[in-house]
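Asks: Structure provided below as structure tokens; questions to follow.
Derivation of every value follows stated rules applied to the coordinates shown; laboratory data play no part. Note that this is a predicted model, so its numbers are computed, not measured. A quick note on method: Cβ atoms are made from the backbone with ideal geometry, for glycine too, and the neighbour counts reach across all protein chains shown.
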Amino acid sequence: MRLMRLRGRKTCDRLIRQGNVWKGRHMLIRWLAGHPRHPSASRASEAIYAGTLASSKLDKSAVRRNRMRRRCREALRMALLALPAAPWTMQLLVVPRSSSLDAPFTEIQKDILTFLSSRSHGRSAKTT
């Protein structure tokens, strides 16, 4: 499973408007099944397209906001390495909460793994 960047303002806006919401302890994840509508999206392979959104309302310091983004992205990358290859494509927009900066990294990983396991179990019951 490849981890790709979710890019483009229109792509992110569409995900915010039409995406499903999953709320974790340290982050909120908006997700949609399928490939994004972007010319660089490779439709031939399965991938997870991930982006982060951290506004200045979270923290005024750009350094701290960027650290929140990096921690969430790294937890997602490590979780995808730990899981067996998932046979689906999805778009994710990870919105960290302010608690994600002070939380232990294992807690952030636990949030990501909980989300991914809920998606893999929900695939058999409901296909979106």
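Asks: Just order 114-120, 69-75 by mean Cβ neighbour count inside 10 Å, highest at the front, would you? It would help to have the intermediate numbers written out before the result.
Replies: On the way: 114-120: 16.0, 69-75: 18.7.
Ranking, from highest mean packing down: 69-75, 114-120.
Asks: Sticking with this one: Gaussian network model of the chain, Cα springs within a sub-10 Å range: biggest mean-square fluctuation belongs to which of LEU81, LEU15, LEU32?
Replies: Comparing LEU81, LEU15, LEU32 in a Gaussian network model of the chain, the most mobile one is LEU81.
Asks: Roughly what % antiparallel, to the nearest 5, for the DSSP beta bridges in the stretch 2-122? Kindly include the intermediate steps, with their values, before the conclusion.
Replies: Numbers: 11 of 20 bridges.
Of those bridges, close to 55 percent are antiparallel.
Asks: Restricting attention to the stretch 1-39, which trypsin sites (Lys or Arg not before Pro) occupy a DSSP loop and are surrounded by at most 15 other Cβ atoms within 10 Å?
Replies: On the way: sites: ARG2, ARG5, ARG7, ARG9, LYS10, ARG14, ARG17, LYS23, ARG25, ARG30, ARG37; in loops: ARG7, ARG25, ARG37.
Answer by residue number: ARG7, ARG25, ARG37.
Asks: Distances longer than 18 Å among the Cα atoms of the chain: what percent of all pairs is that?
Replies: 52
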